[in-house]
Amino acid sequence: MTGDVKRLGAAELKRQLHDGGEIALLDAREEGVFHARHLLLASCVPLSRLELLVDDLVPRRGTRVVWCDDADGGGDGAALSAARRMSALGYSDVAVLEDGIAAWEAAGYRLYSGVHVPSKAFAEVVEHEAGTPWISAPDLKALIDRAADIAIFDSRSYEEYHNNSIPTATSVPGAELVYRFTDMVPSPDTTVIVNCGGRTRSIIGAQALRNAGFRNEIMSLKDGTMAWHLAGFEVVKGATRRPADVSEAGRRAAAEAASRVAARCDVRRIDKATLAVWQGGTGQRTLYLLDVRTPEEYRAGHLAGARSAPGGQLVQETDAHIATWNARIVLVDDNGVRATMTASWLKQMGFDDVAVLVDAGSGGGWTSGPHVPRVLGLDRAAAAGASITQAALRDGLAAGRMAVVDLATSRTYAQGHIPGAWFAIRSRLAQDLAKLPKAEAIVLTSPDGALARLAAADLATASTSAMGATAATPILVLEGGTEAWKKAGLPIEAGASHMASEPVDVVLSARERGVGREEAMREYLAWEIDLVNQMAKDDDQRFRVDAG
């Protein structure tokens, strides 16, 4: 024991991962560090953003939780700090992996690079086991050039599709494919190609249509828009093709297809009465209630208590939505089609206790608007750091009296921040404040102000030695955060101009990189393809692919 935190050896963690009980394996490092080496079943929950993420990811306070990081020798690393913080937030069964991921590797267990590895590895196993057909970028280009009878569906989010896509492709995010297929492809003679940026959603999307029993020739685009780019073909920016609303005939055909998949994969269906019973037992079992429709539909109206997790994205990055293994999962939509298709994939990934809510729209209980995550510990941080208005900050910056620190992700910061603001990672803030120019006051901001308020509370208890010369500088928090600044019509600048912390908090995709983009694409695709070989040697993966 270290304080109130248990320590687990690698062998004991391995045993717990296989004992059938609920367990959340969390990695406290920043995503960029996590990306280099981590355990297969770990969800990345950086210490810097813990309070923003953990209630959604680990909703039950009695869940068995194990934190890990790359600290060894029993040092006070991010995992131990995260475990202590989580215990203080009311979680009762929290431990750390003794000597970090190095101990796991030393015990002969595997480590992985990349992010969302379980989902991406699963798609590779699906292609291998189910024999999902594919087409190369040059062959697809030839079909387009001769105006062949084809339909190209981009299975990523609309935002990704809009940013870069293949000519003539239509945006049909993964869970929408079966639901909208009959209206989009009235002829069985049309060849259908499903693409994404790389491989995962192309494979899962194409195989979903095949599993649903559609008679068309259906293929994935091998290596997605990356392959298209590497072949030197035009990549479209700003595409807006989207399918029309589903017709009644299309809805019936989709329901029949989903019924076939439900029978094939033994997808359980429950009613709202059963859901109510399960919700009443969340002290003993973790329950994830996820709405798999489009974000637009979710905001327009959703079952109270459900989180938005569009089906294609949920399968693509399951670890970012569900951190507790062996939990109970209920999927919601408006008629069961998209929920059933998503459930079929989760079951094959190894999530055994998955159900589809069949009467979600009956009996009321719906609300509208976006999901607003519960930020734990925010009430206790409310008194830390005096607030400052947008107008007062504007005047302070103009007079050169104030310095601003933005705690958004480095990606969000680069997209737009208060002019002159410095980027910093919350967990490194006390040390990195020394990089700021001298100022009469330091103002913290974040997108909605919550993370800034938590960071102000951290600084209020930080040691003088950690903060150095900035220890005596007043810390203020911008009211409403950067979003309030924008809504007030105040200026924003883009670019990574003032970096107090190294931007290791996010992993940029190959397409987001300026220099070496093509080489990064090739490396990523090679990494992804090799995952199927790694899965063959790992007993932690839980895949059970239905190969038909």
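The values are calculated or read from the model by the stated rules, or taken from the named source; none is laboratory data. Being a predicted model, the structure only gives us computed values, none of them experimental. Here the Cβ positions follow ideal geometry from the backbone for every residue, glycine too, while neighbour counts run over all protein chains shown.
Quick check, is residue 80 within 18 Å of residue 112 (Cβ to Cβ), modelled with pLDDT of 95 or more and not in a loop (DSSP other than H, G, I, E, B)? No; evaluated as a whole, the condition is false for this residue.
When we screen 408, 455, 471 for residues that are closer than 19 Å to residue 81 by Cβ and either of a type in the set (A, V, I, L, M) or surrounded by 17 or more Cβ atoms within 10 Å (Cβ to Cβ) (or both), the only hit is 455. Applying a threshold of 8 Å to beta carbon distances and a minimum spacing of six or more residues, or different chains, the list of pairs starting in the stretch 53-70 at a residue that is closer than 14 Å to residue 81 by Cα and free of Cβ contacts under 8 Å to residues at least 60 places away in the same chain and ending at one that is assigned to a loop (DSSP other than H, G, I, E, B) and of a type in the set (Ser, Thr, Tyr) reads 65/91.
Taking the listed residues 104, 67, the one that is assigned to a strand (DSSP E or B) and either of a type in the set (Phe, Trp, Tyr) or not assigned by TED's automatic domain parsing to the domain that holds residue 449 (or both) is 67, with no other qualifying. State the number of residues belonging to the stretch 178-195 that are outside any helix (DSSP H, G or I) and either under 30 Å from the mean Cα position of the chain (by Cα) or over 19 Å from residue 133 (Cα atoms) (or both). Of the residues in that region, 6 qualify. Put simply, of 401, 428, 394 the only residue that is closer than 22 Å to residue 79 by Cα, among the charged types (D, E, K, R) and surrounded by fewer than 24 Cβ atoms within 10 Å (Cβ to Cβ) is 428.
Within the stretch 148-160, none of the residues are within 30 Å of residue 281 (Cα to Cα) and of a type in the set (Val, Ile, Thr). I'd like to check something: does the stretch 358-374 contain any residue that is of a type in the set (D, E, K, R) and in contact with a Lys or Arg (Cβ under 9 Å, 6 or more places away or on another chain)? For the stretch 358-374, residues of a type in the set (D, E, K, R) and in contact with a Lys or Arg (Cβ under 9 Å, 6 or more places away or on another chain): present. Return yes when residue 333 is closer than 19 Å to residue 368 by Cα and either at pLDDT below 95 or not assigned by TED's automatic domain parsing to the domain that holds residue 56 (or both) and no when it is not. Criteria met by residue 333. Identify all residues within the stretch 136-177 that are within 28 Å of the chain's Cα centre (by Cα), surrounded by 24 or more Cβ atoms within 10 Å (Cβ to Cβ) and not in a loop (DSSP other than H, G, I, E, B); write none if there are none. Scanning the stretch 136-177 gives 153, 154, 161, 165, 176, 177.
Taking the residues in the stretch 310-348 that are among the charged types (D, E, K, R) and surrounded by fewer than 24 Cβ atoms within 10 Å (Cβ to Cβ) as candidates, determine which candidate is nearest to residue 205 (Cα to Cα). Step by step, filter the stretch 310-348, then rank; the result is 317. Of the numbered criteria (1) modelled with pLDDT under 95; (2) crowded, with 19+ Cβ neighbours inside 10 Å, the one residue 413 fails is (1). No other residue among 327, 383, 360, 339 is closer than 24 Å to residue 298 by Cβ and modelled with pLDDT under 95 apart from 360.
Every listed requirement among (1) surrounded by 15 or more Cβ atoms within 10 Å (Cβ to Cβ); (2) touching a residue at least 60 places away in the same chain (Cβ under 8 Å) is met by residue 214 save one, (2).
Does any residue of the stretch 4-22 turn out to be assigned to a helix (DSSP H, G or I), within 21 Å of residue 458 (Cα to Cα) and outside the structural domain of residue 327 (by TED's automatic domain parsing)? No: zero hits.
Here's the yes/no breakdown for (1) small (Gly, Ala, Ser); (2) without any contact (Cβ under 8 Å) to a residue 40 or more places away in the chain:
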residue: 116; (1), (2): no, no
residue: 120; (1), (2): no, no
residue: 136; (1), (2): yes, no
residue: 146; (1), (2): no, yes
residue: 162; (1), (2): no, no
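Here is a yes/no grid of residues against (1) over 15 Å from the mean Cα position of the chain (by Cα); (2) among the acidic types (Asp, Glu); (3) surrounded by 22 or more Cβ atoms within 10 Å (Cβ to Cβ):
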residue	(1), (2), (3)
9	yes, no, no
17	yes, no, no
25	yes, no, yes
30	no, yes, yes
33	yes, no, no
39	yes, no, yes
43	no, no, yes
53	no, no, no
58	no, no, yes
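Each residue in the stretch 280-332 was checked for being within 19 Å of residue 348 (Cβ to Cβ) and of a type in the set (D, E, K, R), and 3 of them qualify. Residues that are surrounded by fewer than 17 Cβ atoms within 10 Å (Cβ to Cβ), in contact with a helix residue (DSSP H, G or I) (Cβ under 7 Å, 6 or more places away or on another chain) and of a type in the set (A, V, I, L, M, F, W, C) within the stretch 490-528 comprise 490, 492, 494, 496, listed in sequence order. Taking first residues from the stretch 291-314 that are outside the structural domain of residue 194 (by TED's automatic domain parsing) and partners that are among the aromatic types (Phe, Trp, Tyr) and in a helix (DSSP H, G or I), the Cβ contacts under 6 Å between residues at least 6 apart in sequence or on separate chains come to 291/298; 308/298.
Need the failing condition index for residue 389 against (1) modelled with pLDDT of 95 or more; (2) surrounded by fewer than 16 Cβ atoms within 10 Å (Cβ to Cβ); (3) farther than 25 Å from residue 438 by Cα; (4) not charged (D, E, K, R), just the number. That leaves (3) as the condition not met. If the condition is being among the polar types (S, T, N, Q) and assigned to a helix (DSSP H, G or I), then the stretch 229-268 contributes only 259.
Would it be correct to say that residue 10 is touching a residue at least 40 places away in the same chain (Cβ under 8 Å), closer than 28 Å to residue 535 by Cα and touching a strand residue (DSSP E or B) at 6+ places or on another chain (Cβ under 6 Å)? In short, no. The helices (runs of 4 or more DSSP H) found entirely in the stretch 281-351 that carry 3 or more residues being in contact with a strand residue (DSSP E or B) (Cβ under 7 Å, 6 or more places away or on another chain) are 337-349. Would it be correct to say that residue 282 is outside the structural domain of residue 63 (by TED's automatic domain parsing), at pLDDT below 95 and either surrounded by 21 or more Cβ atoms within 10 Å (Cβ to Cβ) or not small (Gly, Ala, Ser) (or both)? Judged against the criteria, residue 282 is a match.
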